[in-house]
Amino acid sequence: MNKIASFLMPIRIAMVAVLLVFMIYLQMGAKESDAAIGDVAGAVVNTLDTSTMEESANRKFKKFYGLNAGDYEGVVLYAPISNMDAEELLIVKLKNSSQAETVRAAIEKRLETQKSSFEGYGIEQYDLLENHILDIRGNYILYVVHSDANKALQAFRDSL
């Protein structure tokens with residue numbers, strides 16, 4: 001019996017260690033933020049040149065993504081002024097994290113539509129679309145198509 005107990009001890013320790021790591025991972029995962037969407041959007045917008053974009057109303061959110069802004073805690077959309085530009089910024093504060101998949105799918109559909117629009121003639125714009133950022137952090141989603149997308153991502157994460 002003693003040999004079995006000494007054999008099982010490292011296995012028990014390993015299992016406890018794996019369980020602790022898993023618990024820490026879960027705690028770090030989808031934390032919800034209390035940050036106001038205006039504060040988050042302000043921090044992100046300050047990192048970008050928005051001269052080719054305009055802050056848009058909820059109708060454009062519905063048109064571009066097929067979603068109703070009223071279903072979410074808050075929505076900020078900077079859409080391209082011209083159909084010849086692909087730069088875009090979307091920040092959504094979810095009412096609950098179960099909405100994340102619906103928003104992600106709508107963003108991916110919008111991205112594919114934009115890619116097909118610019119494919120073949122809008123090479124610079126297509127490259128921006130290829131290098132987009134889609135980041136889901138708890139109850140917030142960031143989608144940005146911009147040459148400074150990485151700066152926007154960092155500001156987004158810092159503001160949460």
Original post:
Looking at Asp85, Asp49, Asp39, Asp71, which is the one that is acidic (Asp, Glu), more than 20 Å from Ala155 (Cα to Cα) and touching a residue at least 40 places away in the same chain (Cβ under 8 Å)?
Top reply: Asp85
Original post:
What number of residues within the range 116-148 satisfy the criterion of being free of Cβ contacts under 8 Å to residues at least 24 places away in the same chain and either open to solvent by less than 30 Å² (accessible area, probe 1.4 Å) or touching a His at 6+ places or on another chain (Cβ under 8 Å) (or both)?
Top reply: 2
Subject >> Selection count, the range 17-49, where residues are open to solvent by less than 90 Å² (accessible area, probe 1.4 Å), at pLDDT below 85 and of a type in the set (A, V, I, L, M) >> reply: 1
Original post:
Name the residues in the range 61-87 that are under 15 Å from Thr113 (Cα atoms) and in contact with a Leu (Cβ under 8 Å, 6 or more places away or on another chain), would you?
Top reply: Phe61, Phe64, Tyr65, Ala86, Glu87
Original post:
For the subset of the range 149-160 comprising residues that are in a helix (DSSP H, G or I) and open to solvent by less than 90 Å² (accessible area, probe 1.4 Å), which member is farthest from Asp34 (Cα to Cα)?
Top reply: Ala149
Subject >> Subset of the range 50-98 [more than 15 Å from Val145 (Cβ to Cβ), out of contact with any Lys or Arg (no Cβ under 9 Å at 6 or more places or on another chain) and open to solvent by 80 Å² or more (accessible area, probe 1.4 Å)] >> reply: Glu55, Asn58, Arg59, Lys62, Lys63, Lys95, Ser98
Original post:
Of all residues in the range 106-115, which are surrounded by 15 or more Cβ atoms within 10 Å (Cβ to Cβ), closer than 18 Å to Val75 by Cβ and out of contact with any strand residue (DSSP E or B) (no Cβ under 7 Å at 6 or more places or on another chain)?
Top reply: Ala106, Arg110, Leu111
Original post:
With respect to the numbered conditions (1) in a helix (DSSP H, G or I); (2) within 15 Å of the chain's Cα centre (by Cα); (3) acidic (Asp, Glu), which one is the sole condition not fulfilled by Asp135?
Top reply: (1)
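Can you name the residue in the range 57-110 that is assigned to a helix (DSSP H, G or I) and of a type in the set (A, V, I, L, M) and, of all such residues, is modelled with the lowest pLDDT?
Pass one, the range 57-110, residues assigned to a helix (DSSP H, G or I): 58-65, 69-71, 97-110.
Applying the additional criterion that residues be of a type in the set (A, V, I, L, M) yields 69, 100, 103, 105-107.
On the way: Ala69: 97, Ala100: 93, Val103: 97, Ala105: 97, Ala106: 97, Ile107: 97.
Once the filter is applied, the top-ranked residue is Ala100.
The values are calculated or read from the model by the stated rules, or taken from the named source; none is laboratory data. These numbers come from a predicted model, not from an experiment. We place every Cβ from the backbone using ideal geometry, glycine too, and count neighbours over all the protein chains shown. Just so you know, the surface numbers come from the protein's heavy atoms only, side chains and all, with ligands and any DNA or RNA stripped out. Shrake-Rupley method; radii C 1.70, N 1.55, O 1.52, S 1.80 Å.
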